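Encoded as structure tokens, the structure appears first; notes follow it.
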Amino acid sequence: MAKAKLPLLGVQARGQLGKAIVYFPWKGIQCVRTHVYPAQPRTGPQLAVRADFTNHIDAWHDALMLAADKVAWNLFASVSKRAASGFNEFVGFCRSVLVSGDTLSYLRSLVVVSNTGGTVSGTFKSSDDTARDITVYYGYSKTFIPSSVAATRSGANTWAWSISSLTPDVYFYLYAVDQVATHQGRTGIFKILVA
């Protein structure tokens, strides 16, 4: 890398000139270097990681991932410590589960079925139907969600939940988690107004 005293054709130059050199700013200094072709070794592990990313991206765009699910993941991203979108948090969570060696379960398609008299109930879907325990956490703050109820199987790949004694006309937040043995899955954080 070399410092550029007077960049080509202007005060600030960025980008490549042919396939020979590249101009770029670095810590406020105008620099120039030779153009480098990225390596594409296509090793087995690299192809496996790329396939995982493709699967998670396809899951994000799948019809079972409702618009409400994406809003919930964006809300989850807004309270995380990283500057990331809901999409980034979703793909990051999926990758972390697979890197840990656990089996990933997509939890999505959360639908509120009933919302009356301080009781809210609904369903969501799981990407597989293995027998396990799924917990729904809820609370009145998106950053503090201490209470929980168990979700129950209500059909093939479908789980039901019901939360009672909620304060009417107040928003509450919930998310579902599957963390049994070597199985992991979760939803984003949903914001629901209690009727």
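Where a number appears in this text, it was derived from the coordinates with a stated rule and is not lab data. In this text, all values refer to a predicted model and were calculated from it rather than measured experimentally. Here the Cβ is made from the backbone with ideal geometry for all residues, glycine too, and neighbour counts use every protein chain on show.
Using r as the Cβ-Cβ distance of residue 156 and residue 179, and R0 as 25 Å, what FRET efficiency do you calculate, to the nearest 0.05?
On the way: r = 22 Å, r/R0 = 0.87.
For residue 156 and residue 179, the calculated efficiency is 0.70.
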Based only on other Cβ atoms within 10 Å, what is the fewest-to-most ordering of 108, 153?
153, 108
If we count other beta carbons within 10 Å of each Cβ, what is the order of 164, 126, fewest first?
164, 126
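Once you charge only the Cβ atoms, +1 for Lys and Arg and -1 for Asp and Glu, what is the size of the charge dipole of the chain about its Cα centre, to the nearest 20 debye? Walk me through the numbers before you get to the answer.
On the way: 19 positive and 11 negative charges, 264 e Å.
Once rounded to the nearest 20, the dipole reads 1260 debye.
Just rank 58, 178, 129, fewest to most, by other beta-carbon atoms within 10 angstrom. Numbers along the way, then the final one.
Values: 58 10, 178 23, 129 13.
So the ranking, lowest neighbour count to highest, is 58, 129, 178.
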Among 104, 73, 39, flag the residue with its Cα farthest along the positive direction of the charge dipole of the range 1-125, charges on Cβ as +1 for Lys/Arg and -1 for Asp/Glu.
39
In the range 167-182, which residues have a backbone nitrogen under 18 Å from the label point lying 7 Å from residue 112's Cα in the Cα-to-Cβ direction?
167-176
Percent breakdown of C-alpha pair distances by 10 Å bin, ordered from the shortest bin, for the chain
8, 27, 24, 15, 11, 10, 4, 0
